[in-house]
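To start, the structure itself, in structure tokens.
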Amino acid sequence: MPKQVAIFDMDGLFVDSERIYAEGWKQGFKEYGVIVPEGFVESLTGQSSAANDAKIISLLNDSELAKKIRVVREQYYQEKLNNSEIKLGKFAKELAEILKDKGFKVILASSSTKKRINELLSKNDACDVFDAIVCADQVQKLKPAPDIYLAALNCFDTNSKDAIAFEDTIVGATAAVTAGIDVCLVSELLYRQQLKLEHNQCLGLFRDLEETYTFLEANQVC
């Protein structure tokens, strides 16, 4: 049965920002001569700022150094943003517009702040894409807790079975299914590694949103 509401994650899914964040972390660690375990930077993907800060402090056992490294990361991000080097994800805006044309309500559900969301969408001429935006400022617990998705459902008084979510991390997909929402896990990296969420509401692991849409249309989800 076709869904009625589509909920998009932002970082790494609708906007290709996770790659920039990872480059910024690597720059920060390099600048301060910190060698991190293999896979550590990748483990920061999809996490909240607070969760990442705690993880880095735990690794370094030095909160002041962790703050300095975050400053470098933020400076790197701002430079890329100002140079318009942070683009939308492949087929992201196109999919959102297709779904809107089909009568869907389209929602952005992100663990980022409203300020960060606004600046990334503005730089990419995408402010008018979404019917509603739910962000970190509006909930108590961030992904993998379901709060953001529950708040998204409340935007249009939607039953969870009538919604579909798009996520690029296990953390985000866990938040969606915990809220009772079917989710498509969309990540080239996870696809290559065949790392997926083993849950009956995870509809599949896809390389990109174009492949995802083909699957959903073929299965009459949209």
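The values are calculated or read from the model by the stated rules, or taken from the named source; none is laboratory data. These figures come from a predicted structure and were not determined experimentally. For neighbour counting, all protein chains shown are included, and Cβ atoms are generated from backbone atoms with ideal geometry for every residue, glycine included. Accessible surface areas use protein heavy atoms only, side chains included; no ligands, DNA or RNA. Shrake-Rupley method; radii C 1.70, N 1.55, O 1.52, S 1.80 Å.
Observations, loosely collected:
- Computed from the C-beta positions of E42 and K68 and an R0 of 22 Å, the FRET efficiency is 0.55 to the nearest 0.05.
- Here the accessible area of the chain is 47 percent carbon and sulfur, with a 1.4 angstrom probe and all protein chains present.
- Enclosed volume per residue, in Å³, of the convex hull spanned by Cα atoms of region 65-208: 131 Å³
- Annotation: lysines with alpha-carbon distance below 30 angstrom to K67 (same-chain offsets under eight excluded): K26, K30, K55, K80, K87, K114, K115, K123, K141, K143.
- Total charge dipole magnitude, region 68-146, about the Cα centre, Cβ charges on Lys, Arg, Asp, Glu only, Debye to nearest 20: 420 debye
- Site-free segments of the chain were taken between GluC sites (Glu not before Pro) in DSSP loops having at most 12 other Cβ atoms within 10 Å, sites themselves excluded; the longest one is 86-197.
- Within region 56-96, backbone nitrogen closer than 15 Å to the virtual label 7 Å beyond the Cα of E31 toward Cβ: 64-81
- Exposure of T214 as accessible area (Å², to 10), given a probe of 1.4 Å and all protein chains: 90 Å²
- Efficiency of FRET from Cβ geometry, D128 and Q193, R₀ 41 Å, rounded to 0.05: 0.70
- Of the residues T174, F40, V221, the one whose Cα sits farthest toward the positive end of the charge dipole of the chain, with +1 on the Cβ of Lys and Arg and -1 on the Cβ of Asp and Glu, is F40.
- Between L59 and F215, the simple spin-label model (points 7 angstrom out along Cα→Cβ) gives 3.0 nm.
- Per residue solvent-accessible surface (Å²) - the chain, probe of 1.4 Å: 49 Å²
- Electrostatic bookkeeping for S17 treats Lys and Arg as +1 and Asp and Glu as -1; over the other residues with beta carbon under 11 Å from its beta carbon, the sum is -3.
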